[in-house]
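Novice: One structure follows; several queries about it will come next.
The values are calculated or read from the model by the stated rules, or taken from the named source; none is laboratory data. Remember, predicted model here, so these are calculated numbers, not experimental data. A quick note on method: Cβ atoms are made from the backbone with ideal geometry, for glycine too, and the neighbour counts reach across all protein chains shown. For the accessible areas, the whole protein counts, side chains as well, though only heavy atoms, and no ligand, DNA or RNA atoms are used. Shrake-Rupley method; radii C 1.70, N 1.55, O 1.52, S 1.80 Å.
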Amino acid sequence: MTRLRMTLACWDYDRTRALADGTVRPEGIDLVYLAQPVEETFFRMLRHREFDCAEMSLSSYVMSLGRDDRPFVAIPAFPSRFFRHSCIFVSARSGITQPGELAGRRIGSPEYQMTAPVWIRGILADEHGVPVTSPQYLTGGEEEPGRTEKLALDLPPEFRVARIGAGQTLARMLADGEIDALYTARAPSTFRSRPEDVRRLFPDYVTVERDYFRRTRIFPIMHTVVIRRDVYERNRWCARELYKAFAVAQRKTYRDLEETAANKAMLPWLTAHVEDARRTLGEDWWAYGLEPNRHVLETFLRYHHEQGLSQRRLAPEELFAPETLEAFKV
């Protein structure tokens, strides 16, 4: 039987490693796993559609659904999740000590439509009363000049978004006080090199994030997995098989993390971390699938619409291949 050959661009995660090394193989598919940084994967998939399937920013994917051709379809596997309170950095020169003081300030983000800032802006609005239309947003390269939005923005006029200068970087601007804060996914280099000038808004972010989860039950989803729509339409069965393989690979990682004979990750108290995660977030703390994540996705889709990135508020069911939302029963 001829197997379908598919390229998958995805970072090197523990939860996908079994797909990369062939320990887990999707039924009927020869998967060519291309391990590369997320920024490269997103850029190449969104601009040139180079891969059959790829990890993708949840925000970018939702934006793509507003296009006439709807170039991708997702499966409900989420290789990246991240509490983002730790990713709000402020300039010491701004005088900001409380979240509410971000209103009306100059806020940097590498891209306005990035998933991490979407979550951050939404959380600050919901939890701390910072209106999403209040700041002036400045976008551009965090460490290298010249970064642009991967997808063109068409925002309502109440959102003030501008590009930084051609030779500027957000990391340097934050340290120099040219922007008051930075919402980002990667910690800026100046957080390490100039600690007297750049600090986290929430220094005790783990406590803040635990409290946020306790109250909201939200562990933010950052990335999903998409299939190029032309590939999917020719082989609709592949969506279910890919999803099943991602889930099997993830369950293998759960078992690896629970191993106590020898740690499989370089964390000295790995067992304690795992037990703590289970107590705090539940047995399936990194859940895949629509239903366990419905409230997380509904919240994100509300934020996405409220921030001018989607013309209407989508329902979670609209994101995923229908083949992945139900299974046979015996």
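Novice: I'd like the full set of residues that are open to solvent by 20 Å² or more (accessible area, probe 1.4 Å) and in contact with a Lys or Arg (Cβ under 6 Å, 6 or more places away or on another chain), limited to the stretch 13-41.
Specialist: Passing the criteria: only Asp30.
Novice: For Asp12, which of the numbered conditions (1) under 19 Å from the mean Cα position of the chain (by Cα); (2) farther than 28 Å from Arg255 by Cβ; (3) assigned to a loop (DSSP other than H, G, I, E, B); (4) of a type outside the set (Lys, Arg) fails to hold?
Specialist: (2)
Novice: Right, here's the next one. Among the listed residues Val225, Val231, Val248, which satisfies the condition of being farther than 21 Å from Pro292 by Cβ and touching a residue at least 24 places away in the same chain (Cβ under 8 Å)?
Specialist: Result of the check over Val225, Val231, Val248: Val231.
Novice: Just one of (1) touching a residue at least 12 places away in the same chain (Cβ under 8 Å); (2) open to solvent by 60 Å² or more (accessible area, probe 1.4 Å) trips up Thr260, so point out which.
Specialist: (1)
Residue by residue, here is whether (1) under 23 Å from His304 (Cα atoms); (2) at pLDDT 95 or above; (3) in contact with a strand residue (DSSP E or B) (Cβ under 9 Å, 6 or more places away or on another chain) holds:
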| position | (1), (2), (3) |
| --- | --- |
| Lys150 | yes, no, yes |
| Gly165 | no, yes, no |
| Ala171 | no, yes, yes |
| Gly177 | no, yes, yes |
| Tyr205 | no, yes, yes |
| Phe213 | yes, yes, no |
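Novice: Between Glu27, Glu50, Glu40, which is touching a residue at least 40 places away in the same chain (Cβ under 8 Å) and closer than 29 Å to Leu257 by Cα?
Specialist: The match here is Glu27.
Novice: In this structure, does Arg255 turn out to be open to solvent by 60 Å² or more (accessible area, probe 1.4 Å) and either at pLDDT below 95 or closer than 20 Å to Arg240 by Cα (or both)?
Specialist: Answer is no for this residue.
Novice: If you take the residues in the stretch 170-185 that are in a loop (DSSP other than H, G, I, E, B) and of a type outside the set (Ser, Thr, Tyr), which one is surrounded by the most Cβ atoms within 10 Å (Cβ to Cβ)?
Specialist: Checked the stretch 170-185; the qualifying residue surrounded by the most Cβ atoms within 10 Å (Cβ to Cβ) is Ile179.
Novice: Follow-up question, since we're still on this one. Only one residue in Ile218, Ile227 is assigned to a strand (DSSP E or B), open to solvent by less than 70 Å² (accessible area, probe 1.4 Å) and either at pLDDT 95 or above or touching a helix residue (DSSP H, G or I) at 6+ places or on another chain (Cβ under 9 Å) (or both), so which one is that?
Specialist: The unique qualifying residue is Ile227.
The rows are residues; the columns are (1) within 30 Å of Arg70 (Cβ to Cβ); (2) aromatic (Phe, Trp, Tyr); (3) assigned to a loop (DSSP other than H, G, I, E, B); (4) open to solvent by less than 30 Å² (accessible area, probe 1.4 Å).
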residue: Ile107; (1), (2), (3), (4): no, no, no, yes
residue: Trp119; (1), (2), (3), (4): yes, yes, no, yes
residue: Gly122; (1), (2), (3), (4): yes, no, no, yes
residue: Glu127; (1), (2), (3), (4): no, no, no, no
residue: Arg147; (1), (2), (3), (4): yes, no, yes, no
residue: Leu151; (1), (2), (3), (4): yes, no, yes, yes
residue: Leu155; (1), (2), (3), (4): yes, no, yes, no
residue: Gln168; (1), (2), (3), (4): no, no, yes, no
residue: Ala187; (1), (2), (3), (4): no, no, yes, no
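Novice: Residues in the stretch 301-323 that are under 14 Å from Ser64 (Cβ atoms) and either open to solvent by 50 Å² or more (accessible area, probe 1.4 Å) or at pLDDT below 95 (or both): how many?
Specialist: The total comes to 2.
Novice: Please tell me if Glu298 is open to solvent by 10 Å² or more (accessible area, probe 1.4 Å), of a type in the set (Asp, Glu) and within 19 Å of the chain's Cα centre (by Cα).
Specialist: Answer is yes for this residue.
To keep it simple, each residue is scored yes or no on (1) within 23 Å of Gly100 (Cβ to Cβ); (2) not aliphatic (A, V, I, L, M).
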residue: Gly141; (1), (2): no, yes
residue: Gly146; (1), (2): no, yes
residue: Glu149; (1), (2): no, yes
residue: Asp154; (1), (2): no, yes
residue: Ala162; (1), (2): no, no
residue: Leu174; (1), (2): yes, no
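Novice: Is there any pair linking a residue in the stretch 76-97 that is under 30 Å from Arg17 (Cα atoms) to one that is of a type in the set (Asp, Glu) and surrounded by 23 or more Cβ atoms within 10 Å (Cβ to Cβ), with Cβ under 6 Å and at least six apart or on different chains, and which?
Specialist: Correct list of pairs: Pro79/Glu55.
Novice: I've got another one for you. Would you confirm, using the coordinates I've provided, whether Glu143 is part of a loop (DSSP other than H, G, I, E, B) and either open to solvent by 20 Å² or more (accessible area, probe 1.4 Å) or touching a His at 6+ places or on another chain (Cβ under 8 Å) (or both)?
Specialist: yes
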